[in-house]
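Taken together, the values in this text are just the output of simple stated rules run on the coordinates, not laboratory data. Source: prediction; values computed, not measured. Cβ placement follows ideal geometry from the backbone for every residue including glycine, while neighbour counts extend to all protein chains displayed.
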Amino acid sequence: MENSTLLETGSSTKDYYQSINQTYRKLYQKLLMLHYPFFREHNESLEDRQVNLTRHCVSHLGSLEDKDVLEVGCGNGTQSLYIYEKYKPASLTGVDINSNNISLAHSINGWHQNLDFMVDDAQNLQNIPDNSVDVLLCIESAFHYPEKHKFMQEVHRVVRPGGQFLIADILSRSYQHRGPLEKWKRKMSFHHWTEGQYLKKFRENGLKIHRQENITEPVKKGYKGFDRWITRKNFNSLWEYIKFKTFIFLQVKINTLLLNQRRKYFIFVGEPDK
């Protein structure tokens with residue numbers, strides 16, 4: 001693994017995801033989902049635990065069969081492809097503001113005619129018509145949106161009457177005043193809201209919440225056994241392997257520390273009030 005690839009993860013949001021995608025292909029010879037792991041049982045792979053999170057989210061929505069689904073912030077498309085193949089919606093559209101991610105999503109789509117990907121902005125979904133979606137999913141993407149109230153307006157606009165939405169996001173435990181890391185947070189497009197901010201803006205934008213769940217603990221536990229996810233065989237030298245294992249160790253410790261002290265992982269499920 002090149003040093004530049006590791007360093008790029010902290011340079012910008014776009015570079016972060018490009019670096020992560022390259023890393024997955026290097027280590028696993030394929031793309032993986034771009035979200036945190038979720039624990040169900042011991043000795044699961046990283047891919048297993050990422051799938052766990054997706055399945056847990058979808059379990060809140062009932063059947064997706066024959067419904068029109070929109071995934072906002074679809075990343076490299078791996079999660080959209082999984083949902084399309086497992087849950088059999090009539091159609092699934094994945095949108096992401098990162099054109100590199102959408103190019104990767106197109107590359108893995110294959111022959112699926114009713115699975116589509118396009119570049120679009122969650123805060124201004126220009127390619128999504130009014131009242132055209134039965135289910136809107138946004139999993140671990142909204143903390144990147146600087147104007148989440150505009151995203152909520154778009155949710156209200158595009159979801160049909162009687163449809164539903166699910167937002168799974170990393171929240172701040174308390175309101176964060178500007179601090180020494182503010183410049184870096186803006187560069188990485190980190191805009192974490194508190195639970196209270198979310199609930200207030202849901203009400204103001206005509207979105208009724210039927211269910212909310214704190215999944216911080218199974219997400220933290222999802223990192224259990226992470227050292228087994230990376231093996232020596234994927235690296236050209238022992239030194240390269242040690243450097244990468246150290247990098248991953250630090251990433252896991254930082255994520256776990258933040259989830260213990262400053263962040264929490266929440267799921268919100270609701271419908272537009274139309």
Study note, to complete from the structure: Given pairs Lys14/Lys67; Lys150/Lys201; Lys150/Lys200; Lys67/Lys88; Lys150/Lys274; Lys26/Lys224 and cut-off 19 Å on Cα-Cα distance, the over-length ones are Lys14/Lys67; Lys26/Lys224
Review point. Rg to Rh ratio, the range 102-173, alpha-carbon atoms and Kirkwood radius?
Key: 0.99
**Study point:** Phi to ³J(HN,Hα) by Karplus 6.51 cos²θ - 1.76 cosθ + 1.60 over the range 117-123, Hz, x for Gly, Pro
**Key:** 10, 8, 6, 7, 9, 4, 8
Review point. What is the ratio of the Cα radius of gyration of the range 180-274 to 2.2 N^0.38 Å, where N is its residue count, to two decimals?
Key: 1.51
Revision key, fill the gap. With the dipole of the chain defined by +1 on each Lys or Arg Cβ and -1 on each Asp or Glu Cβ, the option from Ile209, Val159, Asn255 whose Cα lies farthest towards the positive pole is Asn255
Check your understanding: Stretched out fully, how many nm does the piece from Asp227 to His191 gain, at 0.36 nm a residue minus the Cα gap?
Key -> 10.0 nm
Check your understanding: What whole-number value in cubic angstrom gives the convex hull volume per residue for the C-alpha atoms of the range 42-142?
Key -> 109
**Study point:** Paired Rg and Dmax values of the range 68-125, which use every Cα atom, in angstrom
**Key:** 10.2, 30
Point to revise | Binned Cα-Cα distances of the chain, short to long, each 5 Å bin given as a whole percent | key: 1, 5, 12, 17, 19, 18, 14, 8, 4, 1, 0, 0
Exercise for review: Just need the relative contact order of the chain here, percent rounded to a whole number, with Cα pairs under 8 Å and 6+ apart.
Suggested key: 20
Practice item. Estimate the FRET efficiency between Ser174 and Lys86 by the formula 1/(1 + (r/R0)^6), using the beta-carbon distance for r and 35 Å for R0, to the nearest 0.05. Key: 0.40
Review point. With a Cα-only, solvent-free Debye model of the range 4-97, what are the log10 I(q)/I(0) values at q = 0.10, 0.11, 0.23, 0.25 Å⁻¹?
Key: -0.30, -0.37, -1.23, -1.31
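Hydropathy first: keep DSSP H helices in the chain averaging at least 0.0 on Kyte-Doolittle, then drop any whose Cα extent along the axis falls short of 24 Å, and list what survives. Present the calculation step by step, with values, prior to reporting the outcome.
Details: long enough: 238-261 (34 Å, 0.51).
For the chain, where a helix must reach 24 Å along its axis and average at least 0.0, the hits are 238-261.
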Exercise for review: Report the extension gain between Lys274 and Ser107 in nm, rounded to one decimal, defined as 0.36 nm multiplied by the number of residues separating them, less their alpha carbon distance.
Suggested key: 56.4 nm
Point to revise | Cross-link reach list, aspartates and glutamates versus Lys208, counting only Cα pairs under 13 Å and skipping chain neighbours closer than eight places | key: Glu271, Asp273
Review point. Taking chymotrypsin sites (Phe, Trp or Tyr not before Pro) that fall in a DSSP loop and have at most 16 other Cβ atoms within 10 Å as cut points, what is the longest piece of the chain between them?
Key: 1-110
**Study point:** Length added when fully stretched, Ser63-Lys200, from 0.36 nm per residue minus Cα-Cα
**Key:** 46.4 nm
